[in-house]
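The values are calculated or read from the model by the stated rules, or taken from the named source; none is laboratory data. Just so you know, these numbers come straight off a predicted model, no measurement behind them. Cβ sites come from the backbone with ideal geometry, for glycine too, and all protein chains shown count toward neighbours. Surface accessibility is based on the protein's heavy atoms, side chains included, excluding ligands, DNA and RNA. Shrake-Rupley method; radii C 1.70, N 1.55, O 1.52, S 1.80 Å.
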Amino acid sequence: MRNMSDHHTHVQEFFTARAADWDSRFPDDGPAYAAAVAGLGLRAGDRVLDAGCGTGRALTPLRAAVGPSGVVLGVDLTPAMLRAAVQAGRDRDGRLLLADVAALPLRSAALDAVFGAGLVSHLPDPAENLRELARVVRPGGTLALFHPIGRAALAARQGRRITPEDLRAEPNLRPLLAGSGWRMTSYVDEDTRFLALAVREG
């Protein structure tokens, strides 16, 4: 397994090269993001993190869900993605932070929920990183792991096949979450979306 600094460099290079045209490549994902955010069950005044926020496509529906009294944070490892979020005006909906989801600059139990789009496959140490997400969420808070298309459709788009080792497969993801402080409450993997919801144990 590549070490952490190598992993960070790889992720940053991958997304830096794609940041400028990311939104134009996937222009129709907005409704899927909004539907996934609705699954978090957020209320006015809640505090929510978009982990690996990229160009910030979830920030607008997250802000709508928590209202003006809520807190919306977007964290990403890649400066170019955060710049694209600012250029799209999404910094009006949430505070953007250049940070690593493996070591969040947040106090424990500070949040009510975490949203992660396309996140799991980019985590260097999924169990430990999901544990870090659990650290910053209060007991009973929620987690949404989302992708705007399902595993099979994504694999076909990328010209590959799903393998049994895929972390997002339910038999793999459920125990991974359970060992990291989360209890999976629902799992959907269909062509039009992937959405796993979990509750913070404790």
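Quick rundown of the values:
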quantity	calculated
Condition check for R138: more than 14 Å from the chain's Cα centre (by Cα), surrounded by fewer than 22 Cβ atoms within 10 Å (Cβ to Cβ) and assigned to a loop (DSSP other than H, G, I, E, B)	no
Near pairs, Cβ below 7 angstrom, 6+ apart or cross-chain, from the stretch 111-133 (touching a residue at least 12 places away in the same chain (Cβ under 8 Å) and small (G, A, S)) to any residue that is open to solvent by 20 Å² or more (accessible area, probe 1.4 Å) and assigned to a strand (DSSP E or B)	A113/T142; A117/H147; G118/H147
Single residue of R63, R92, R43, R47 found to be within 21 Å of N129 (Cβ to Cβ), at pLDDT 95 or above and open to solvent by 40 Å² or more (accessible area, probe 1.4 Å)	R47
Single residue of the stretch 161-176 satisfying the filter (part of a helix (DSSP H, G or I) and out of contact with any Phe, Trp or Tyr (no Cβ under 9 Å at 6 or more places or on another chain)) that is surrounded by the fewest Cβ atoms within 10 Å (Cβ to Cβ)	P171
Sole residue being open to solvent by 70 Å² or more (accessible area, probe 1.4 Å) and over 16 Å from A32 (Cα atoms), chosen from P126, P105	P105
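Residue-by-condition table, conditions (1) modelled with pLDDT under 95; (2) surrounded by fewer than 18 Cβ atoms within 10 Å (Cβ to Cβ):
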position: D28; (1), (2): yes, yes
position: Y33; (1), (2): yes, no
position: V37; (1), (2): no, no
position: V72; (1), (2): no, no
position: P79; (1), (2): yes, yes
position: A88; (1), (2): yes, yes
